[in-house]
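Reviewing the structure listed below.
The values are calculated or read from the model by the stated rules, or taken from the named source; none is laboratory data. Keep in mind the model is a prediction, meaning the values are calculated, not measured. Positions of Cβ are generated from backbone atoms using ideal geometry, with glycine treated the same way; all protein chains shown enter the neighbour counts.
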Amino acid sequence: MKKRDRSILVIIVGVIAMYQFIKQTDHWTILDVFIDIILGIVVLAVFTWAIYKDLKENKQNTFKSIRTPGIFIISFIITGTILSLRDSSSVILTADSKDDLSGASIDFRKDGTYKLSSYSIFGADFFRGHYTINDSIITLDRSEIDGVIKSNRLAIRTGDSEHDEKKEIYQLDVESNVLTNASVFFINNKQASR
């Protein structure tokens with residue numbers, strides 16, 4: 001195989017791997033585990049083979065041999081770093097809502113951003129945005145998120161039960177009434193970053 005053809009193969013495999021890597025930052029399914037394993041093996045094999053063949057042909061110019069795979073490796077590192085910075089602010093409030101086989105959690109961060117994770121046993125979707133908080137009212141930048149959030153106004157209140165001192169987050173309508181058909185989030189005392 002000619003050098004040009006090897007470079008094209010490396011580019012194709014690299015672009016597919018980069019797409020999968022970026023896609024999983026906001027959406028993940030159980031099938032992705034198997035895709036990642038297979039794709040990881042293919043990337044490793046193609047990049048190693050291309051570098052080996054190029055080094056064999058161009059013994060005097062090693063930089064030229066690793067240029068294309070090297071660009072993708074550096075791109076993965078830069079992309080991973082940039083994507084991880086989105087969730088780098090410390091979490092000030094975490095709340096969860098769980099059903100039998102699915103659930104959601106929302107992390108409110110110190111920098112005014114939130115991360116909503118909507119998950120089931122088969123996968124998860126992640127949504128990010130901005131919020132403001134005034135007293136016990138949280139206002140999100142979106143009024144509908146994945147069927148979990150149905151209002152952009154949330155209220156932190158003490159639970160319904162007389163003996164229940166746990167705080168919960170309710171979704172409010174435009175008249176500040178609690179939406180009865182919307183998820184209730186239970187505030188989690190552990191404030192670890194996710």
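Does D32 satisfy being out of contact with any Pro (no Cβ under 6 Å at 6 or more places or on another chain), part of a helix (DSSP H, G or I) and touching a residue at least 40 places away in the same chain (Cβ under 8 Å)? Judged against the criteria, D32 is a match. Cβ-Cβ under 8 Å, sequence separation 6+ or interchain: first residue in the range 134-149 and under 21 Å from K98 (Cα atoms) and assigned to a strand (DSSP E or B), partner of a type in the set (V, I, T) and at pLDDT 90 or above. Which pairs? Within 8 Å, the pairs are I138/T132; I138/I156; I138/I169; L140/I149. When each of I149, I137, I156, I133 is tested for being among the β-branched types (V, I, T) and either under 16 Å from D26 (Cβ atoms) or at pLDDT 95 or above (or both), the lone residue that passes is I149.
Only one of the numbered conditions (1) in a strand (DSSP E or B); (2) of a type in the set (D, E); (3) not assigned by TED's automatic domain parsing to the domain that holds S176 is not met by D125, and that is (3). Kindly check whether there is at least one residue in the range 64-85 that is in contact (Cβ under 8 Å) with a residue 12 or more places away in the chain and among the charged types (D, E, K, R). Checked the range 64-85: no residue is in contact (Cβ under 8 Å) with a residue 12 or more places away in the chain and among the charged types (D, E, K, R). Here S7 meets each of (1) free of Cβ contacts under 8 Å to residues at least 40 places away in the same chain; (2) farther than 30 Å from L154 by Cβ with one exception, condition (1). Annotation note: of T68, T25, the sole residue that is surrounded by 12 or more Cβ atoms within 10 Å (Cβ to Cβ), among the β-branched types (V, I, T) and under 28 Å from A182 (Cβ atoms) is T25.
In the range 117-136, the residue that is surrounded by the most Cβ atoms within 10 Å (Cβ to Cβ) out of those that are under 17 Å from S183 (Cβ atoms) and not aromatic (F, W, Y) is S118. Give me a count of the residues in the range 12-29 that are part of a helix (DSSP H, G or I), under 29 Å from I121 (Cα atoms) and without any contact (Cβ under 8 Å) to a residue 24 or more places away in the chain. Qualifying residue count for the region: 5. Of all residues in the range 36-58, those satisfying the criterion of being exposed (fewer than 15 other Cβ atoms within 10 Å of the Cβ) and among the aliphatic types (A, V, I, L, M) are I37, I38, I41, V42, L44, A45, L55.
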